[in-house]
1. Would you work out which of Gln166, Gln32, Gly17 lies farthest towards the positive end of the dipole of region 8-167? Charges go on Cβ: Lys and Arg +1, Asp and Glu -1.
2. For the chain, which span is the longest to avoid every loop-located (per DSSP) member of GluC sites (Glu not before Pro) having at most 13 other Cβ atoms inside 10 Å?
3. Hey, any idea what Rg/Rh is for the chain, computing Rh the Kirkwood way over Cα pairs?
4. Helix 142-173 against the longest principal axis of the chain: what's the angle in degrees, Cα atoms only, rounded to the nearest 10?
5. Among Ile138, Ile223, Ile179, which one moves the most in a GNM of the chain with springs linking Cα atoms closer than 10 Å?
6. For region 118-267, what's the relative contact order in percent, using C-alpha pairs closer than 8 Å and at least 6 residues apart?
7. So what does Leu46 come to for accessible area, using a 1.4 Å probe and Å² rounded to 10?
8. Starting from the exponent 0.38 and prefactor 2.2 Å, build the expected Rg for region 1-82 from its residue count and divide its actual Cα Rg by it.
Amino acid sequence: MSHLRLFLRLVAASLRGQLRYPASALLLTVSQFLVTGIEVVAIWALFDRFGSVQGWRIGEVALFYALVHTMFALADALGRGFDILGTEFLRTGHFDRLLLRPRPLALQLMAHELRLSRLGRLLQALAVLVFASVVAPIAWTPATVALALFCVAGGVALFLGILVLQGTLAFWTVESLEIANVFTYGGVEAGQYPMAVYARWFRRLLTFVVPLACVAYYPGLAILGRADPLGAPEWLGWISPLAGFGFLALSFMAWRVGVRHYASTGS
């Protein structure tokens with residue numbers, strides 16, 4: 001509980017700092033809403049022209065879009081500290097200060113800067129979710145609502161795990177390698193469409209290496225009440241988000257190796 005209270009206090013301090021410049025915070029939030037809105041327009045244009053893609057309608061794709069963007073918005077807000085670990089902590093030597101504090105490193109980094117601007121992406125994803133609920137349509141029952149929350153939690157864990165690995169690489173490279181963006185922003189782009197439309201090798205990559213299909217595609221099928229064209233059992237979507245938590249646990253194992261490798265910058 002003491003860790004949780006500290007986390008909330010650090011988050012509150014971060015938010016107060018950003019709200020000292022309310023116009024800037026508002027513009028950044030609106031820009032996030034508009035930039036991600038362009039992607040929605042592109043998806044709408046695709047389905048307006050062709051009607052469906054391999055049997056998938058716009059309402060169904062909108063659900064996948066809403067789920068994956070909600071996951072990433074929350075994870076991106078929490079993972080800022082890992083994203084800037086190399087440039088703002090390791091290179092400057094400020095990471096030593098975190099090591100001296102009797103609190104978990106991960107907690108300090110996640111609460112370092114909770115990015116308020118990501119609220120724009122989150123609001124836009126929730127608006128698309130409302131659209132999907134009407135157009136698909138989706139029968140929201142206590143079970144499907146619980147599944148949606150479960151898969152979002154698993155997705156946040158997955159994307160946060162990717163950011164943790166990105167920060168871990170900085171112990172060896174100092175700079176955060178851009179290859180991580182292939183799995184963060186690239187994963188968001190891929191996850192907003194059904195996995196069934198992709199080639200087999202790509203589906204396997206997003207299922208067994210970076211388990212994006214486990215936190216978005218299979219739960220999305222269960223929420224829609226639709227059978228998987230690829231033949232996966234219906235019950236899979238109810239447990240597959242656990243893969244996101246497993247990925248995060250493995251990421252923190254790698255993180256501990258990176259922390260042990262850290263040798264400070266000297267004086």
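The values are calculated or read from the model by the stated rules, or taken from the named source; none is laboratory data. Since we're looking at a predicted model, the values are computed, not measured. Positions of Cβ are generated from backbone atoms using ideal geometry, with glycine treated the same way; all protein chains shown enter the neighbour counts. Side chains are part of the model used for accessible areas, which takes the heavy atoms of the whole protein and leaves out ligands, DNA and RNA. Shrake-Rupley method; radii C 1.70, N 1.55, O 1.52, S 1.80 Å.
1. Value: Gly17.
2. That gives 1-174 as the longest site-free run.
3. Over the Cα atoms of the chain, Rg/Rh equals 0.99.
4. 40
5. Of the options given, Ile179 has the highest mean-square fluctuation.
6. Over region 118-267, the number comes to 33 percent.
7. Surface accessible to solvent at Leu46 totals approximately 60 Å².
8. Rg over 2.2 N^0.38 Å, computed on Cα atoms: 1.53.
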